[in-house]
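Here is the structure we will look at.
The values are calculated or read from the model by the stated rules, or taken from the named source; none is laboratory data. Just so we're clear, the structure is a prediction, and the values are computed from it rather than from any experiment. Note: ideal-geometry Cβ built from the backbone for every residue, glycine included; neighbour counts use all protein chains shown. Keep in mind that these areas ignore ligands, DNA and RNA; they rest on the heavy atoms of the full protein, side chains included. Shrake-Rupley method; radii C 1.70, N 1.55, O 1.52, S 1.80 Å.
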Amino acid sequence: MQTAPLTRPMLTTRALRRWVPPLVRSVPALVSAYLLPGRVPPPIREASMLGVTSVNRCEACEAFHSRWASGVGLRVEAMSAEEAAAYDFGQRVATAGPEEPQPPMQLRARHRRELLAVSILMELANLSGNRFLAPRAEGGNLQVGDVRTARLLDAVMRAADRAGLRRARSRVAGRARGDTLEIGIGTGSNLEVYPAGAVVHGVDVSAPALSVAAERADRAGRRVVLVEGDAAALPFTDGSFDTVVATFVLCSVGDVERSLREARRVLRPGGTIRLLEHARSRYRPVGLVQERSAPAWARLSGGCRLDHDVRRAVRDVGLTVIEERTRIGGLLVEIVAA
Ligand SMILES: C[S@@+](CC[C@H](N)C(=O)[O-])C[C@H]1O[C@@H](n2cnc3c(N)ncnc32)[C@H](O)[C@@H]1O
């Protein structure tokens, strides 16, 4: 058994650099650990994850995973030898890092890869929980309360862009035209893809995120008007814009319906709303995992809903969908609506 550090470790840009590459390499083992037949027995999987959490002491992960663990039959006070070895392995991953520890040798090679993958995933969840966990109601606005957090959000978004998201941004924001409003512009990840002719206004509840967006606009030599405000009460008059863009925002605004109605209100006749959002997968097992983790993820991330149904929300407010495209089994949705 390892000793826990005195302070709770948190997500930092350095931690992201350390843990995200091995996580990306572990994606096949993660899919295998949760979805494929012959996977590592769930109590052993959960034991390694609880081992990681015992070192990092993330309260949200502990609450969530203790429930999940008992749901799959793991009793921490009476672990089998294999479960105890997996728990110990999780602790070693959390203390030594993703490269060094050897998973229990009595397991099959495939199960050893799966244990390492879930331990890495758990480490990142723990670090995020320790950093972002705030005692707020679920489903509220994602909070980017200071410049360090804004820079961290920016680093996550840039990593996702490098992994392929940028193409989707180009299809969505890159085809904006005329006077354009981006709601929840965050740190300005779309600024580089807007066409030269678009006159971009950005609104966000987070002043620190807007300050990072302003730096980025300067670097890109792009003129942009940045305004602090809420998507559900936009500080613009009716019919001010030709295009409204939102990327990865509706999952975290408090009131999706009101935000979409506001987007429609500020559009000129003939204007379009262009959305890029993550959504519930159409593959049932993946959708179920999203649904089960949604409450915990909402707490960890500060209000982002993993299972939100953007397509339904768009139709519920009476918008007409002109184009719709789903990617990665429905995990990403691009919508153009009028
Ligand atoms: C995940 S980030 C996405 C940022 C950016 N759109 C992008 O694609 O990189 C979500 C952003 O939505 C903002 N946000 C959350 N709730 C909001 C609201 N009610 N009104 C405006 N912005 C909001 C957050 O401050 C954050 O900057």
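Our note on the geometry: Cα centres of region 1-73 and region 143-171, 23 Å apart.
Using a probe radius of 1.4 angstrom, the carbon and sulfur fraction of the accessible surface of the chain is 54%. Residues considered: ILE273, ILE322, ILE44. Largest GNM mean-square fluctuation over the chain, using C-alpha springs under 10 Å, is found at ILE322.
Largest accessible area first, the residues ASP146, ASP179, ASP204 order themselves as ASP146, ASP179, ASP204 under a 1.4 Å probe with ligands, DNA and RNA left out. Assuming 0.890 mPa s and 25 °C, estimate D for region 257-298 with Stokes-Einstein, Rh taken as the Kirkwood radius over Cα pairs, in µm²/s. Answer, rounded: 190 µm²/s. Only helical runs count toward this figure. For the chain, summing -39,500 (n - 2.57) over DSSP H runs of n ≥ 4 and dividing by all residues gives -15000 deg cm²/dmol at 222 nm. Projected label points at ARG167 and ARG282, each 7 Å from Cα along the beta carbon direction, are separated by 1.9 nanometres. For the set VAL147, VAL256, the ranking by accessible area, highest first and with no ligand, DNA or RNA atoms included, is VAL147, VAL256 under a 1.4 Å probe. Full extension of the chain between VAL24 and SER80 gives 17.1 nm of extra length, using 0.36 nm per residue less the Cα-Cα distance. Using only Cα positions of the chain, each an equal point scatterer, no hydration layer, compute I(q)/I(0) via Debye at q = 0.08 Å⁻¹ and quote the log10 values to two decimals. With no solvent term, the Cα-only Debye profile gives -0.41. For the set SER211, SER301, solvent exposure ranked by accessible area (probe 1.4 Å, protein chains only) runs largest to smallest as SER211, SER301.
Looking at region 147-337, the pairs of alpha carbons with a distance over 24 Å make up 34% of the total.
Once backbone amide H atoms are built at 1.01 Å from N, GLY254 has ASN141 as its partners under 5 Å, excluding neighbours fewer than 5 places away on the same chain. The shape of region 213-296 comes out prolate: with a ≥ b ≥ c from the C-alpha gyration tensor, a/c is at least 1.5 and a/b beats b/c.
Summing charges over neighbours of HIS201, with a neighbour being any other residue whose Cβ is under 13 Å away from its Cβ, gives -3 when K and R count +1 and D and E count -1. Separation of region 193-255 and region 264-338, taken as the distance between their Cα centroids, equals 19 angstrom. Can you tell me the 0 to 90 degree angle between the C-alpha axis of helix 147-160 and the longest principal axis of the chain, rounded to 10? Value to nearest ten degrees: 80.
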